[in-house]
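Novice: This structure is in structure tokens; I'll ask about it shortly.
The values are calculated or read from the model by the stated rules, or taken from the named source; none is laboratory data. Note that the structure is a prediction, hence the values are computed from the model and not measured. Using ideal geometry, Cβ is built from the backbone for each residue, glycine included, and neighbour counts are taken over all protein chains shown. Please note that ligands, DNA and RNA were not included when accessible areas were found on the heavy atoms of the full protein model with its side chains. Shrake-Rupley method; radii C 1.70, N 1.55, O 1.52, S 1.80 Å.
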Amino acid sequence: MSYVDGFLVPVPADKKETYRAVATKAAALFKEYGAIRVVECWGDDLPDGKLTDFKLSVKAEKTETVVFSWIEWPSKAARDAGHARFVSDPRMQQMGDMPFDGKRMIFGGFETLLNVQ
């Protein structure tokens, strides 16, 4: 079974294309370092919850939406090795400032439990 890194990040709505450009560059590096696929999803139907919701989870402001993304890896070991190479790659450093507040990003690694295609 594969291993998945999952992310939620608040992104200013007017930075959609900037985010897409940075994500495209990052995806190429992740793929180079062993990722099976990289998926970036722009929130456009995010209902307000009573206790919590996607926007509350990252403290999104009125001018922001939430990006839901994941990177699929062949295994946790492949993720660990690929991620280490990604963060030390000078091309990643050259991407500059991210078009979002990284302090409000939620992320984690997940073992695949079910994968129906």
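Novice: Looking at the stretch 63-82, which of its residues are more than 16 Å from Glu40 (Cα to Cα), open to solvent by less than 80 Å² (accessible area, probe 1.4 Å) and not aliphatic (A, V, I, L, M)?
Specialist: Pro74, Ser75, Arg79, Asp80, Gly82
Novice: For Met92, work out the one condition from (1) modelled with pLDDT under 95; (2) touching a Ser or Thr at 6+ places or on another chain (Cβ under 8 Å); (3) assigned to a helix (DSSP H, G or I) it doesn't fulfil.
Specialist: That leaves (2) as the condition not met.
Novice: Tell me, which residue of the stretch 95-117 that is part of a loop (DSSP other than H, G, I, E, B) and touching a strand residue (DSSP E or B) at 6+ places or on another chain (Cβ under 7 Å) is surrounded by the fewest Cβ atoms within 10 Å (Cβ to Cβ)?
Specialist: Filtering first and then ranking leaves Thr112.
Novice: For residues that are of a type in the set (Lys, Arg) and over 18 Å from Phe68 (Cβ atoms), scanning just the stretch 1-44, find the one that is modelled with the highest pLDDT.
Specialist: Lys31
Novice: Among the residues of the stretch 25-41, are any part of a loop (DSSP other than H, G, I, E, B), touching a strand residue (DSSP E or B) at 6+ places or on another chain (Cβ under 6 Å) and of a type in the set (A, V, I, L, M)?
Specialist: Checked against the condition, which is being part of a loop (DSSP other than H, G, I, E, B), touching a strand residue (DSSP E or B) at 6+ places or on another chain (Cβ under 6 Å) and of a type in the set (A, V, I, L, M), the stretch 25-41 yields at least one hit.
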